[in-house]
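Worksheet for the structure shown next.
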């Protein structure tokens, strides 16, 4: 199961479902205030195994938490913020070229 950090567009949940990925948002869970390692702990406890975020610093901090939860992965999405339509188009194009393949215990930067 995949969790979207609050800094990514919530519409991404529906887009990811078209790729067969079960996705929820941190906001829908009431986790907007959780920071870095706290979000990894909460996500792991709720059965998530991947977190997507835009925040590279979150990725760095989460790397430490992944030592305690080696089944978890973090993906830092590097696409620039845009209107939803432009963002979705860029996301789809990047996914078609190179889909995300999370590695347990690691932080990946994509695309």
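The values are calculated or read from the model by the stated rules, or taken from the named source; none is laboratory data. Bear in mind that the values here come from a model prediction, so they are computed numbers and not experimental data. With ideal geometry, Cβ positions are generated from the backbone for all residues, glycine too; neighbour counts draw on all protein chains shown.
Before moving on, here are some points about what is shown:
- Against the numbered list (1) on the phi > 0 side of the Ramachandran plot; (2) crowded, with 17+ Cβ neighbours inside 10 Å, residue 77 comes up short only at (1).
- With respect to (1) in contact with a helix residue (DSSP H, G or I) (Cβ under 7 Å, 6 or more places away or on another chain); (2) farther than 14 Å from residue 19 by Cα; (3) surrounded by 16 or more Cβ atoms within 10 Å (Cβ to Cβ), the lone exception for residue 63 is condition (1).
- Members of the stretch 38-60 that are part of a loop (DSSP other than H, G, I, E, B) and surrounded by 15 or more Cβ atoms within 10 Å (Cβ to Cβ): 48, 49, 54, 55
- Residue satisfying all of: in the stretch 68-101; closer than 16 Å to residue 41 by Cβ and either modelled with pLDDT under 90 or not in a helix (DSSP H, G or I) (or both); nearest to the chain's Cα centre (by Cα) among these: 74
- Positions within the stretch 1-37 being in a loop (DSSP other than H, G, I, E, B) and under 10 Å from the mean Cα position of the chain (by Cα), in sequence order: 5, 6, 7, 8, 26
- Pairs meeting the criteria (first residue in the stretch 85-111 and at positive phi, second residue in a helix (DSSP H, G or I) and at pLDDT below 95, beta carbons under 7 Å, at least 6 apart or on different chains) are 105/66.
- When we screen 10, 6 for residues that are without any contact (Cβ under 8 Å) to a residue 40 or more places away in the chain, surrounded by fewer than 17 Cβ atoms within 10 Å (Cβ to Cβ) and in contact with a helix residue (DSSP H, G or I) (Cβ under 7 Å, 6 or more places away or on another chain), the only hit is 10.
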